[in-house]
Every structure is written in C-alpha cells, then in structure tokens.
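In what follows, a structure is listed as structure tokens, so that the remarks can point back to it.
The values are calculated or read from the model by the stated rules, or taken from the named source; none is laboratory data. Since the structure is predicted, the reported quantities are computational estimates derived from the model, not experimental observations. For neighbour counting, all protein chains shown are included, and Cβ atoms are generated from backbone atoms with ideal geometry for every residue, glycine included.
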Amino acid sequence: MKVPLAEPEANVSPREASDDCVLTEECIDQYLWSVYERAPKVDTIKVEERIKVTVEKNGKSRTVTKTITKLVNEDFTWKDPDAAEKAGMSVAQYVIGGMDQGFKVRLYRLFRALDDAGLAPGMTSGFRDDYRQSIASGNKAVTGNSYHGGSRRGGYGRGLAADVVSVKGETRSERCSSSDRMWKWIDAHGEEFGIGRPYLDKDPPHIAPIDGKEYADKRGVDRKLAEKEGTATGRDAKAAKSPQAVLKRGAEENAL
C-alpha cells in the first residue's frame, strides 16, 4: 500500500489554482480535495417496495402483492468517512491519496478546464476500497472489480476512476441540468485530457482514462493502440515522480 499523504492544511480554490500547482503532488491533492469537498454527496437510487392491491378478475376480487420501484434521494455523505476510518486514514488521504498519480494529473487539468468553461465540476467519488464499494448503491461493479481501486484492480494508489457532477445551480434540478451539460462537454473535449466516460448514460458521472482497460472494454477502443501509446498506470505512472513532464506533454499534445 502506498504511504498515505498528509492531510491538506488548506484548500486550493478550483478557480485560483494555476498551472504551477502541478509542480507538487501536494498541491494537486489539495486542489482535487477542494473539488471533492464542494460536491454534495446525494444521489437518486431505485428502491423496490412490495404493496398489496385489490384486483378484479372474472367478477371476483382478490388481493395480490405487487412490486413497485420508487426513486428516492440517498445521502451518502457518511460512506467515505466510514471507509476512511476503517482504513485508519483521514478522508482526504483515503479519497484523493488512493487514486493513481498519473490519473490525478489528468483530473487536475480536466477540472481546471471545466471551471474555465463555467461548468463548476464537483467530485462525488474518488478512491474506493472493497469495503467502500460494498456499500455503494446503484450502478456499480462487483466489489473487488471496481476501477475506483478494488483489490483486483491494484488497490490503494491505483484508483483509475472518479465520479463527477456539476455544482452549478441553486437547486438540485438546476445542478442536474448543469451536470448534463458538463458530461456532454467531457464527451466532446475529454480526449484532450486523456479522460472519457466509459458507460455514457448508463453511468453518466463515471470518468476514467481513455487509454485504460475499462474504457477500452466498454467503448471498443483498440487495446493494442492503447498499449502502444501508454496507459494511465503505464505512461503517466512512469512520469508520476515528475508531474512537470506530464503537464509539459499535455501542453505539447494540445498544441498539435
């Protein structure tokens, strides 16, 4: 397991962070933590409920049990703190420190661009271990298979997924509309940052490296090409000790 990072002493404002931030891992972690902190941890989940109803058939009434599906709001603010406590870490060390370093550099660049576009990104989920995945709801992978950091995917320090929403708007309805616009922006521009949405509208907030296995498996990317060009755990991880090189390469790619 990677040695957990120190708890950030002060947040870096998403709007004020500069390209110089990528010179230190600590600054990147503080910035991503600020993006995580500002996102409400609320989701809409499907809950099945069994009710008894009276029906008529052939002139006779009888009572039957039907299963109906209801959409309810779920506050999952407690889940990451609970998982972090079990791991003996602060929430920041757990959620941000558990992600792949090369992927964090990509997220930094993406979130900066989203903020510049006025889309106000917020991160609802970063690293998840097997326990955290087991208490997740809705669309999710088998506990150990999660690309957020499941034990079969490398565990702590190898998380290659994040869930993102927009925090722009006074009401949840407004934020949902802003999130839809933000996800479409990622579909249109994410390749510039090496990030995309593997599941599209089946799991709209979920983003991952476009040259990673998850994206290739779900979107039909040429795996051989992805391996040739490098992956977030390959090319970027090799440069993880030198984030400056990752940013410089990104600038060169965008200039083409």
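Please specify each residue of segment 165-210 satisfying the condition of being in contact with a helix residue (DSSP H, G or I) (Cβ under 8 Å, 6 or more places away or on another chain), part of a loop (DSSP other than H, G, I, E, B) and in contact (Cβ under 8 Å) with a residue 60 or more places away in the chain. Hits for segment 165-210 are Val167, Gly194, Tyr199, Pro205.
Screening the candidates Ala120, Ala87, Ala92, Ala113 for the property of being modelled with pLDDT of 85 or more, aliphatic (A, V, I, L, M), surrounded by 12 or more Cβ atoms within 10 Å (Cβ to Cβ) and touching a Lys or Arg at 6+ places or on another chain (Cβ under 8 Å) yields one hit, Ala120. Scoring Ala216 on the criteria (1) modelled with pLDDT of 60 or more; (2) within 25 Å of Ile96 (Cβ to Cβ); (3) touching a helix residue (DSSP H, G or I) at 6+ places or on another chain (Cβ under 7 Å); (4) crowded, with 19+ Cβ neighbours inside 10 Å leaves a single failure, condition (2). When you check Arg128 against the structure, is it of a type in the set (Lys, Arg), touching a residue at least 24 places away in the same chain (Cβ under 8 Å), part of a helix (DSSP H, G or I) and surrounded by 15 or more Cβ atoms within 10 Å (Cβ to Cβ), yes or no? No. Scanning segment 138-164 for residues that are in contact (Cβ under 8 Å) with a residue 12 or more places away in the chain, assigned to a helix (DSSP H, G or I) and surrounded by fewer than 18 Cβ atoms within 10 Å (Cβ to Cβ) gives Gly144, Ser151.
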